[in-house]
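Here the structure comes first, spelled out in C-alpha cells, and everything after it is commentary.
The values are calculated or read from the model by the stated rules, or taken from the named source; none is laboratory data. The structure displayed is predicted, hence computed values, not measured ones. Don't worry about glycine lacking a Cβ; one is built from the backbone with ideal geometry, like all the others, and counts go over all protein chains shown.
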C-alpha cells in the first residue's frame with residue numbers, strides 16, 4: 001500500500017516460556033527480560049515523510065500503545081528506497097521489542113520484485129495488522145464505461161490504445177492494475193508518476209490516461225464532484241463512503257478482491273513474549289474511537305483482532321496472492 005496515495009498517510013500476558021524464548025534468541029546486549037518489558041521508550045520507524053496516512057497511522061497507534069505499555073512511543077520518519085530504508089534500520093536494531101517497523105503491503109512486495117534488497121527480509125516478522133485500505137478503479141468521465149465489465153469491453157475493443165497511471169512501479173496500486181490486465185486479458189500501457197500521487201490522479205482527471213487504481217479515500221471527493229467515475233471497489237462489501245459503487249466480486253472479477261494494509265513488524269529475533277505484549281497493546285487501537293473514526297471516514301476498514309498466528313497467515317496469504325501475479329507476469333524491479 002503506498003502512503004503517498006493519500007498525501008494528504010495489550011494487557012500484559014506473560015508466558016511461562018519467557019526463559020526458553022530468551023535462551024533461544026541471540027545474545028544481544030541490552031535485551032530486556034520479558035517480565036520487565038518495556039522498561040524504556042519505544043520507537044516506530046515509519047517509511048514515509050510526516051503528515052501522510054502511514055505517519056498518522058503510526059502516531060495514533062503509538063499513542064494508544066504508550067498508554068497501555070506505560071512508556072512513550074516515538075515516531076521516526078525514514079522515507080526512501082521503496083520503504084527499504086526504514087526496514088533496514090529495524091533489522092539492524094537490537095531485537096528487544098523497542099524498535100518497530102511501520103510496514104505496509106510493500107513489505108511483502110519488495111522481496112518478490114527486487115533481486116537485490118537493501119536489507120534481509122527474514123530479519124523481520126509481522127506483528128500486527130491495524131488497517132486495511134480497499135482499492136478503487138477510477139476512470140475519466142469521458143471513458144464510455146460505468147462499471148468494470150463495460151471498461152473491460154471498451155479496453156478489448158481499443159487494444160493497446162489505453163493508458164493507466166500509478167505512483168510508480170512496485171506498489172499495490174500498480175500491481176492491482178496489472179492484475180486487472182491479466183484477469184481480463186486486456187492491454188493497457190503503464191504511465192508511472194514516481195511517488196507523485198497528485199500527478200497520477202490528476203492525469204486521469206485531465207484525460208491524459210484513462211484509468212487508475214487508487215485508495216478509496218483519495219477518490220471519494222473527486223468522484224462526488226463528477227471529475228472521476230468509479231467503476232468498482234476491491235472490498236468484500238460495498239463501502240459506506242461509496243454505497244453505489246459495486247464490488248469487484250459483484251462485477252465478475254472476484255480475483256481482484258484485495259486490500260492494501262498497514263501494520264507493525266519487529267525484529268525476527270524478538271522474543272515471543274515481548275511480541276505478544278506489543279501486539280496486545282496495539283490491538284487496543286482497533287477499539288479506540290479516535291483511531292477508528294480517523295480511518296473509517298476515508299473508506300478504510302478496521303480489521304479484526306488477530307492472534308500472532310493469524311497475522312502470519314494473513315501476510316502469507318497476501319504474499320502468495322501477489323507472488324502468483326509477479327511470477328506469471330515476470331515482473332522485476334531494480335534499485336539501480
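Here is how the numbers come out for the structure above:
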| read-out | value |
| --- | --- |
| Filter result for residue 316 (over 20 Å from the mean Cα position of the chain (by Cα) and either assigned by TED's automatic domain parsing to the domain that holds residue 88 or part of a loop (DSSP other than H, G, I, E, B) (or both)) | no |
| Output for the stretch 51-70, where each listed residue is part of a loop (DSSP other than H, G, I, E, B) and at pLDDT 95 or above | 70 |
| Some residue of the stretch 285-300 being outside any loop (DSSP other than H, G, I, E, B) and under 27 Å from residue 123 (Cα atoms) | yes |
| Number of positions in the stretch 193-231 that are surrounded by fewer than 16 Cβ atoms within 10 Å (Cβ to Cβ), at pLDDT 95 or above and under 11 Å from residue 166 (Cβ atoms) | 0 |
| Test: residue 154 is over 28 Å from residue 104 (Cβ atoms), at pLDDT 95 or above and surrounded by 16 or more Cβ atoms within 10 Å (Cβ to Cβ) | yes |
| In the stretch 80-94, the residues that are touching a helix residue (DSSP H, G or I) at 6+ places or on another chain (Cβ under 7 Å) and assigned to a loop (DSSP other than H, G, I, E, B) | none |
| Lone unmet requirement of (1) within 30 Å of residue 41 (Cβ to Cβ); (2) surrounded by fewer than 21 Cβ atoms within 10 Å (Cβ to Cβ); (3) at pLDDT 95 or above for residue 298 | (3) |
| Only one of 140, 147 that is in contact with a strand residue (DSSP E or B) (Cβ under 6 Å, 6 or more places away or on another chain), surrounded by fewer than 20 Cβ atoms within 10 Å (Cβ to Cβ) and at pLDDT 95 or above | 147 |
